[in-house]
Every structure is written in C-alpha cells, then in structure tokens.
Amino acid sequence: MYAIELYFDDLLECEVRSLWQLVAQAAPSDTLQRVAHARPHISLAVCDDARVEDLCAVVEALDDKTFPIHFSVIGCFPPSGTLFLGPAWSVPLAAMHEKTAHHLRQRGVPILSYYEPGHWSPHATIGLELSPDALTNAFDTVIRQFTSLKGWVTHVGAVEVIYEGRRHVNTRSVFSKELAPWQ
C-alpha cells in the first residue's frame, strides 16, 4: 500500500506527537509510536498498488507553496479505531487534494474510495487500530486537554505503508520534497 502525504512544520509536528503520547497513555495497547518511521501527516491519497516512479512523478508535479493549517476538530472513524485531528477546510488543502487525485488518475493509479474527491475526510491520525473501549478512553482523555493547533504544511511525500497481517508496522519514505515558501 502507498500514500501521498502532507507534512507539517517542526513545531506542529511536535505538538501532534505530544497527542500521540497522550493517546498512548490513555490506550497503551496500540499506539502510533509502534509504527516505525511514522510521522504526523495528512494523507492526500492512498493506493493499494502503485509504481514508485508514478508516485514520485505525482509528488514532483505538486508545485504548491507552503500553507497554514488549523486543527480545531477531534474525531474518530469507529470501524477502524482511528482517532484524529480534523483540519479546517482551506482552498490550498482542497486544491492539493484535487491535484493529487488528478495526477494519479492521469497515470492510471487507482485511489482507495475514501480518498477520492467528494469522499475524502482530511485528517491527521493520533490513534490507530484502537478497540472501542480504548477509542472511547483516548477520546475522553484528549478532549479534556485539547486546544486547537495551528501551523504550516511544509512538505509533501510518497510513502510505502507496510503491514504485518492487518497491523500497520512501518512507513517507508519513497520520495519527499519541501514546498516553496508562501509569500
């Protein structure tokens, strides 16, 4: 499985990692810290299968500039046990998603339906594969300490998402680049 992801400035990344720690304390059985090379991000697209050359070309074609991002929502996807931060909608975020989907379609790379335009729920995961009880406990813990987070999207990259059985165990960077400075 592969993904194209947006990455944040160092301060925002640190703040999101602090929430990973908080979730790990509230629901210690499954944490993002156990996923090797995991990095706070928003996935623009996820593909079951893709050629690395196509992913690199798509990332290279994204000529966007850095842009501000504001996380003010905590949410969950109960079927997958995912706890996440939801960003406020913005033109640059929506445009990058649309461009990513367009470039992948041009190269014949199918996107998982959840990431198709019109179905995408942008999010930054803070808890992964949590049982219903752990999800409830983590949500309760985070919501009591959460304040909105603001920062910048500064990089875009392609990764291989590696599973052992049904567990996400590693994220291998394929290609990434820094976005041009916002003016």
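For E60, all conditions in the list (1) within 24 Å of W152 (Cα to Cα); (2) touching a Ser or Thr at 6+ places or on another chain (Cβ under 6 Å); (3) not in a loop (DSSP other than H, G, I, E, B) hold save one; what is the number of the exception?
(2)
Filter segment 81-133 for residues that are in a loop (DSSP other than H, G, I, E, B), touching a His at 6+ places or on another chain (Cβ under 9 Å) and of a type outside the set (A, V, I, L, M, F, W, C); which is farthest from V153 (Cα to Cα)?
Ranking the candidates gives E129 first.
T136 is checked against (1) more than 20 Å from the chain's Cα centre (by Cα); (2) part of a strand (DSSP E or B); (3) not basic (K, R) and fails just one. What number does that condition carry?
The single condition T136 does not satisfy is (2).
Which of the numbered conditions does R39 fail, given that it passes all the others? Conditions: (1) outside any helix (DSSP H, G or I); (2) surrounded by fewer than 20 Cβ atoms within 10 Å (Cβ to Cβ); (3) more than 14 Å from the chain's Cα centre (by Cα); (4) not β-branched (V, I, T).
R39 satisfies all of (1) outside any helix (DSSP H, G or I); (2) surrounded by fewer than 20 Cβ atoms within 10 Å (Cβ to Cβ); (3) more than 14 Å from the chain's Cα centre (by Cα); (4) not β-branched (V, I, T) except (3).
Among the residues in segment 168-178, are any buried (at least 19 other Cβ atoms within 10 Å of the Cβ) and either among the aliphatic types (A, V, I, L, M) or more than 19 Å from A3 (Cβ to Cβ) (or both)?
For segment 168-178, residues buried (at least 19 other Cβ atoms within 10 Å of the Cβ) and either among the aliphatic types (A, V, I, L, M) or more than 19 Å from A3 (Cβ to Cβ) (or both): absent.
Give segment 90-142 a look and list any residue that's of a type in the set (V, I, T) and within 22 Å of Y163 (Cβ to Cβ), or say none.
Going residue by residue through segment 90-142, those that are of a type in the set (V, I, T) are 91, 100, 109, 111, 125-126, 136, 141-142.
Once the filter is applied, which keeps residues that are of a type in the set (V, I, T) and within 22 Å of Y163 (Cβ to Cβ), segment 90-142 yields V109, I111, T125, I126.
In this structure, is T141 within 27 Å of D10 (Cα to Cα), in a helix (DSSP H, G or I) and among the polar types (S, T, N, Q)? Full working, then the answer.
On the way: within 27 Å of D10 (Cα to Cα): yes; in a helix (DSSP H, G or I): yes; among the polar types (S, T, N, Q): yes.
Yes; evaluated as a whole, the condition is true for this residue.
Quickly run through segment 43-86 and pick out the residues that are of a type in the set (F, W, Y) and in contact (Cβ under 8 Å) with a residue 60 or more places away in the chain. Steps first, answer last, please.
First, pick out the residues of segment 43-86 that are of a type in the set (F, W, Y): 67, 71, 77, 84.
Within segment 43-86, F67, F71 qualify.
None of the figures in this text is laboratory data; all of them are computed from the coordinates on show. Because the structure is a prediction, the values reported are computed rather than measured. Cβ: placed from backbone, ideal geometry, glycine included. Neighbour counts: every protein chain shown.
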